[in-house]
Amino acid sequence: MTDKSMDQLKRMAIFAEVVAKGSLTAAARPLGMTPSAVSQHLRQLEQSLGLALLHRSTRRLTLTEAGERYHAGCAAMVAAARSAEQALVRLRDEPEGELRLAAPIGFGGLLAAALAPLRSHPKLTLRLLLDDTLIDLVEERVDIAVRAGTLADSSLVARKLGRMTRQLCASPAYLAERGWPAHPQDLLQHDWLASKPQTAGVDMLELTGPNGEQQTLRLEPRVQASQVSALHALCLAGWGIGTAVSEDDRQALADGRLLPILPGWRMTDLPVYAVTPRRGDQPAKVRHALDLLVAYFGDRDADAMALTGPSAA
């Protein structure tokens, strides 16, 4: 749009304000202009149109026939602009619209609990994109992504939510058949379940013992799966030893369907982040959701996010 067109839109808005207020002086105050400046804009508008819009007298202003027809469009333009501004104010101050949130599949239950207070905002809808593979936040129009582990350098904005502890585990049937590992080196003789090995065909496992001893193992997975739900099912079915990270794993550890392996040895905690695709001011739906995620994961950071289960016998 050219400067000339912008000037014309401004004069249309001034004309609508003059008609609404009934005089140049009354319109000048809310416009932050002098009456003479308002009069000049009206003259320029009439000159550009080639028609008189107002009958001017010492007592009042009245619309010409052309002015009546033109005013309807000018008033509609101003009303549309105000409506657009009010919509943005609501978006800034009150959660509404669609909140698009991406996360690994295993985070579905956590997000449902964390974002529960958003139910009180009737104009807000929620779309969860649950996938264990990374998706393009800009292409998918994602507002917030919850991600665990080390983040790759990018233009995305990350806010740390907390951390997740991990626990080696296996099913009672697998341990009854293959025996209990007593030391990290024993894992080399067991079947390993992996999500995505760090190098081709090899998964690097780092463990810290009760006295600070470090062990780094190169494990060749018997099974690889791209989703934690599949790894959970495979572990329950006795395919091997895996890493418990999901809510399903936690429940299985709690009720004994999975048992912790090497409980004295600790895996490196996974940091959990909320990632947004843009910097700067965020709409209310994003700000509220981020605050809820920070509070929820912060409360779970030390204890509730820790994976525990029955002691190894």
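Check off (1) of a type outside the set (Asp, Glu); (2) in contact (Cβ under 8 Å) with a residue 12 or more places away in the chain; (3) over 27 Å from residue 129 (Cβ atoms) for residue 231 and give me the number that stays unchecked.
(3)
Filter region 12-39 down to residues that are part of a helix (DSSP H, G or I), farther than 15 Å from residue 63 by Cβ and more than 41 Å from the chain's Cα centre (by Cα), then give me how many there are. Quick ask: steps written out before the conclusion?
Step one: of region 12-39, the residues part of a helix (DSSP H, G or I) are 12-21, 24-31, 35-39.
From what's left, farther than 15 Å from residue 63 by Cβ: 13, 25-26, 28-31, 35-39.
From what's left, more than 41 Å from the chain's Cα centre (by Cα): 25-26, 28-29, 35-39.
Qualifying residue count, region 12-39: 9.
Among the residues of region 121-147, count how many are touching a helix residue (DSSP H, G or I) at 6+ places or on another chain (Cβ under 6 Å) and not in a strand (DSSP E or B).
Number satisfying all stated conditions: 2.
Is there a residue in region 80-99 that is hydroxyl-bearing (Ser, Thr, Tyr) and at pLDDT 90 or above? Please lay out each step first, then the result.
From region 80-99, those hydroxyl-bearing (Ser, Thr, Tyr) are 83; that's our starting set.
When the remaining residues are screened for being at pLDDT 90 or above, the result is none.
No, region 80-99 has no match at all.
Starting from residues that are within 17 Å of residue 279 (Cα to Cα) and not polar (S, T, N, Q), keep the ones in region 155-172 and report whichever is surrounded by the fewest Cβ atoms within 10 Å (Cβ to Cβ).
From region 155-172, those within 17 Å of residue 279 (Cα to Cα) are 155-160; that's our starting set.
Subsequent filtering for residues that are not polar (S, T, N, Q) retains 156-160.
Values: 156: 17, 157: 14, 158: 14, 159: 12, 160: 14.
Among those that are within 17 Å of residue 279 (Cα to Cα) and not polar (S, T, N, Q), it is 159.
In region 285-311, what residues are surrounded by fewer than 18 Cβ atoms within 10 Å (Cβ to Cβ) and at pLDDT 70 or above?
Passing the criteria: 287, 290, 291, 292, 294, 295, 298.
Inside region 173-272, counting only strands (runs of 3 or more DSSP E) that do not spill past its ends, which hold 2 or more residues that are within 36 Å of the chain's Cα centre (by Cα) and surrounded by 18 or more Cβ atoms within 10 Å (Cβ to Cβ)? Write out each step before concluding.
Values: elements: 203-208, 214-219, 242-244.
So the answer is 203-208, 242-244.
Failed condition for residue 154, given (1) more than 25 Å from residue 164 (Cα to Cα); (2) small (Gly, Ala, Ser); (3) in a loop (DSSP other than H, G, I, E, B), with all others met?
(1)
Kindly check whether there is at least one residue in region 217-230 that is outside the structural domain of residue 130 (by TED's automatic domain parsing), acidic (Asp, Glu), in contact with an Asp or Glu (Cβ under 8 Å, 6 or more places away or on another chain) and farther than 30 Å from residue 98 by Cα.
Yes: region 217-230 contains one or more residues that are outside the structural domain of residue 130 (by TED's automatic domain parsing), acidic (Asp, Glu), in contact with an Asp or Glu (Cβ under 8 Å, 6 or more places away or on another chain) and farther than 30 Å from residue 98 by Cα.
The values are calculated or read from the model by the stated rules, or taken from the named source; none is laboratory data. Being a predicted model, the structure only gives us computed values, none of them experimental. Please note: Cβ atoms are built from the backbone with ideal geometry, for glycine as well, and neighbour counts cover all protein chains shown.
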